[in-house]
């Protein structure tokens, strides 16, 4: 049990979830290492949602509402950290969730599917024995995408995505929205909208914003998108990190 | 097999060593997460030894040569990443290696001892059934230190150390030298010398520097120490990280 008054309580709770998920066989071998990288970057942005992350959330919500076939793609870490909120977002959007693993095994897919369904997911794609299409530019099993999900989607929310795949999705004409704490990652740079924030904070904020914006007319939503510049957004995140360091005194 | 021309080859090799060590039961549950944090910080300093890390290495070498009872303390991650070089440093210094685990189990201690001995370690302390002394200010098994090792030591090299323990060692009058990629960590701030570098690069550099300096007279070595300022050293590391971000364009 982590004491609630511990100065790093939130971070330690997330770490415990990741350790648990690893023991439960939901994560790939190096998923805990990826989580550690995220911890470091989160620390550098101050472990809270920045103003420009909030603007990125708004653009993400607008794109998801405007989409004809939005899909929420999840991996092991996203499931371990924030499955309930992922399901809530998927239900709010009436968008399917697709399980999309970098190191795919039927066992991990099955476990993740079970968790998502327990949390109330209505439409889980990317499972075994399902019709898959191929995402051009990727090799092996990583090229597979659910025919009714990412393959067909016009807008894909893919938190914590690998750079090669993010690039391939963009090359295949998808509008890619990602959540990535490293503003310099290939995924962050390639995506149409990059929310530089922790998934546990960003996902519920997207749901909130979708609820807020979904009665707007199309012109208003398109204006939000047109006014959003992802390069500028990433530049602002870099400045925050740079400032964290410049202001600190050891 | 990681292809040698992969742009992140070195980093991926280290990651593979950590994953292997985790499977072999050498690491604690959250050790991979700690490795990931290190990856992020290493990325931010450019994945090479900086000029000020080299100065810290020189100060560390001087302190270790001047010590009456130097000890090299290792944990699971250090063993997984750099055991051969640790053994070489220990033999060069004629200083014992002490196994010092945050989540101590007899199984992990035994496995780490075996690896170090296979790599040629002559004097491995901190093993089971050994006379231990108590480091004041720490609770439970974490307070134990080998009577002939850290307990007696005047100078302790403790790479990748936890903040509570680093503080307790300093409070117990030890000269603490650490290797820590996060210049803002409590361990980094508390230690007498903090080498802000990856252990796999820093440990062999310390050995080299010990060989270079060990024929210097005492006055010369004391001058090196007197001219070293750890706050200034950490501040320079922060500036490098801050600059990495300030100069990058997304």
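The values are calculated or read from the model by the stated rules, or taken from the named source; none is laboratory data. Just so it is clear, the structure is predicted and the values come from calculations on it, not from any experiment. For neighbour counting, all protein chains shown are included, and Cβ atoms are generated from backbone atoms with ideal geometry for every residue, glycine included.
Yes or no: residue B:33 crowded, with 22+ Cβ neighbours inside 10 Å, away from every other protein chain (no Cβ under 14 Å), more than 30 Å from residue B:219 (Cα to Cα) and more than 14 Å from the chain's Cα centre (by Cα)?
no
Return yes when residue B:95 is farther than 21 Å from residue B:195 by Cβ, surrounded by fewer than 24 Cβ atoms within 10 Å (Cβ to Cβ) and either within 14 Å of chain A (Cβ to nearest Cβ) or within 15 Å of the chain's Cα centre (by Cα) (or both) and no when it is not.
no
Is it true that some residue in the range B:112-121 is out of contact with any strand residue (DSSP E or B) (no Cβ under 7 Å at 6 or more places or on another chain) and under 12 Å from residue B:28 (Cβ atoms)?
Within the range B:112-121, none of the residues are out of contact with any strand residue (DSSP E or B) (no Cβ under 7 Å at 6 or more places or on another chain) and under 12 Å from residue B:28 (Cβ atoms).
Would you call residue A:193 under 19 Å from residue A:92 (Cβ atoms) and at pLDDT 95 or above?
yes
Yes or no, residue by residue, for (1) closer than 20 Å to residue A:169 by Cα; (2) modelled with pLDDT under 95; (3) out of contact with any helix residue (DSSP H, G or I) (no Cβ under 6 Å at 6 or more places or on another chain):
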position: A:102; (1), (2), (3): yes, yes, yes
position: A:112; (1), (2), (3): no, no, no
position: A:115; (1), (2), (3): no, no, no
position: A:118; (1), (2), (3): no, no, yes
position: A:121; (1), (2), (3): no, no, no
position: A:125; (1), (2), (3): yes, no, yes
position: A:132; (1), (2), (3): yes, yes, yes
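Give the residue that is surrounded by the fewest Cβ atoms within 10 Å (Cβ to Cβ), with candidates limited to residues of the range B:18-29 that are within 11 Å of chain A (Cβ to nearest Cβ) and within 18 Å of the chain's Cα centre (by Cα).
So, considering only residues that are within 11 Å of chain A (Cβ to nearest Cβ) and within 18 Å of the chain's Cα centre (by Cα), the one surrounded by the fewest Cβ atoms within 10 Å (Cβ to Cβ) is B:28.
Looking for something under 12 Å from the mean Cα position of the chain (by Cα) and over 30 Å from residue B:244 (Cα atoms) - is there at least one such residue anywhere in the range A:47-62?
No, the range A:47-62 contains no residue that is under 12 Å from the mean Cα position of the chain (by Cα) and over 30 Å from residue B:244 (Cα atoms).
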